[in-house]
Amino acid sequence: MNLHEYQAKELLAKYGIGIPAGHAALSVEEAIEGAKKLPGPLYVVKAQIHAGGRGKGKFKELGPDGKGGVRLSKSIDEVETNAKEMLGNTLVTVQTGEAGKQVNRLYVTDGVDIAEEYYLSLLVDRASGRVAMIVSTEGGMDIEEVAHSTPEKITTITIDPAQGFMPHHGRAVAFALKLEGDLNKQAAKLAKQLYTAFMDLDCEMLEINPLVETKDGQLLVLDTKMSVDGNALYRHADVEAMRDETEEDPMEVEASKYDLAYIKLDGNIGCMVNGAGLAMATMDIIKLNGAFPANFLDVGGGANKEKVTAAFKIILSDPAVEGILVNIFGGIMKCDVIADGIVAAAKDVNLSVPLVVRLEGTNVEKGKEILENSGLPIVSANDLGDAAQKIVAEVKKVA
Ligand code: ADP
Ligand code: MG
C-alpha cells in the first residue's frame, strides 16, 4: 500500500527524523490555515498524489506553460493562488501516465534554503535477502537516469536483518554522501533512524529524494515516498487508516474487499482462476492462442458462491471484457460446489459474454453435469489448452 508524502512524513517524524514543518490540506481554506501556522516567509505547496515527478509535472487544465505540482510561494496570498490552481485539477507527471491524477490533497510546508540535494532509499532486496540502502550524491533528479548514465555515483549498502543496523552501515552511508564533520554524524544517525522506521512499519520501499543539506548545516527529508507491505497492515491500524482508495484502481479496491487477488490488464478475455500459478498458466495459454487476458484474478482456495459472484461482477465491470474463462481446480473445494457457485453467479449477474469453464479435480463429473443442466450457454472444456482455444474461438464468433 502506498502512502502520501505527508502521511509518510508524519510516520517518520515519530522516529526523530528531521522533517520541515508542514500541514495537509483538503481545501484552499485549509491550505491558508496551514500556511499561517508556519513561520514563513517562504512556503511550498505540494500536490499529494501517489506518483513522483510532481515538481516537473504539468496540470492538464493549465496547459504547457502552467506551473507544476510543487510550488514555492512567497506569501500567504501566493499559497492561496497556488492551492486554487492545484486542487481539483489533474496533474500529469512521468509516473502518472497520460491520464494524470486528480489532486485532492495538498501539503503546505516550510520553504527550505537548500545547499545540496542527495538521494537515499531503502528496499527489500530479494537477491541478497536483505534490506538494501541505496545512496547517491545525485539527489533531486531521476535516479533511474543516474543509475543509467553514472552508475558509479550510486552506492548500495545491504543490511542483514538478523544482525540489524550496525554503526559501520551508518558510516558507509555518510561516506557515500561525501559528508564531513557534523553532517557526517547526522547522516549516520539518520540512516539508522530510517532503517528502524523501515523495519518497524513493515515497509517495502522508502525513498528520500531529495534528502537535503540546508545552508545552516541540517540534513532534512524534503520528499519521501513510502510503500508498506499490505500483508502486514493488520499490525499497523494507524497506517491502514491512511489508505487513500481514490488513488487505487476501483476494481482492485472492490476485489480486495472479497479477498480476491485482482490486477487489471489490457486484453479482452476475463480470467477467473484459483491459485496464482494456475492463473499465470491460464494467462500464458490465452496468449499462446492469440488473445490477451483482461486481468489476473486469483479467487483463492476457498472459492464460494459469494466470492465467485463478486469475481464475475468485477470482471464484467471492465468494458474491455468480451469473454470469460473460468479455470478452477477443485482440490479442497469440490467441483460440484464450484459449479453450483458459477451457475448461481452467472444467473445473478446476467452474464452477457461467452463463458468457458474448465473444471478439474474432485467430483468433476458431477460439476460438469451441473453446468450442462443449468440452461445457461456455458461451454465446458476438458483441459487448459482446450479451454483457451474455446474461449478465443467464442470471442471471435461474437466479434
Ligand atoms: P517530486 O519528486 O514529486 O517532484 P519533490 O518534493 O522532490 O517532488 O520536489 C521537487 C523539488 O522541489 C525538490 O527537488 C526541491 O528542489 C524542491 N522542493 C521541494 N520541497 C521543498 C521545500 N520544502 N523547500 C524548498 N524546495 C523544495
Ligand atoms: Mg522528489
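For the subset of segment 62-97 comprising residues that are farther than 23 Å from T224 by Cα and modelled with pLDDT under 95, which member is most open to solvent (accessible area, probe 1.4 Å)? Here the residue is D65.
If only residues of segment 113-161 that are more than 16 Å from ligand 2 (Cβ to nearest atom) and without any contact (Cβ under 8 Å) to a residue 12 or more places away in the chain are counted, the one that is most open to solvent (accessible area, probe 1.4 Å) is R126.
Which of the following residues is away from ligand 1 (no atom under 11 Å from the Cβ) and under 21 Å from G140 (Cβ atoms): L42, L62, L12?
Only one candidate passes the filter, namely L12.
Whether a residue is modelled with pLDDT of 95 or more and surrounded by 17 or more Cβ atoms within 10 Å (Cβ to Cβ) was assessed, and L106 passes this test.
Yes/no per residue for (1) open to solvent by less than 50 Å² (accessible area, probe 1.4 Å); (2) within 16 Å of ligand 1 (Cβ to nearest atom); (3) not assigned by TED's automatic domain parsing to the domain that holds D284:
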{"position": "K192", "(1), (2), (3)": "no, no, yes"}
{"position": "A197", "(1), (2), (3)": "yes, no, yes"}
{"position": "D200", "(1), (2), (3)": "no, no, yes"}
{"position": "K215", "(1), (2), (3)": "no, yes, yes"}
{"position": "M226", "(1), (2), (3)": "yes, yes, yes"}
{"position": "G230", "(1), (2), (3)": "yes, no, yes"}
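Within segment 31-67, the residues that satisfy the criterion of being among the aliphatic types (A, V, I, L, M), in contact (Cβ under 8 Å) with a residue 40 or more places away in the chain and either closer than 18 Å to T246 by Cβ or away from ligand 2 (no atom under 16 Å from the Cβ) (or both) are A31, I32, A35, L38, L42, A47, I49, A51. When segment 109-133 is filtered for residues that are in contact with a helix residue (DSSP H, G or I) (Cβ under 8 Å, 6 or more places away or on another chain) and either within 28 Å of G69 (Cα to Cα) or at pLDDT below 95 (or both), the ones remaining, listed by number, are Y119, L120, S121, L122, M133.
The values are calculated or read from the model by the stated rules, or taken from the named source; none is laboratory data. Note that the structure is predicted; figures quoted are calculated from it, not measured. Quick reminder, even Gly has a Cβ in these numbers, built from the backbone with ideal geometry, and neighbours come from all protein chains shown. Each accessible area value is taken on the protein alone, full model and side chains, heavy atoms only, with ligands, DNA and RNA left out. Shrake-Rupley method; radii C 1.70, N 1.55, O 1.52, S 1.80 Å.
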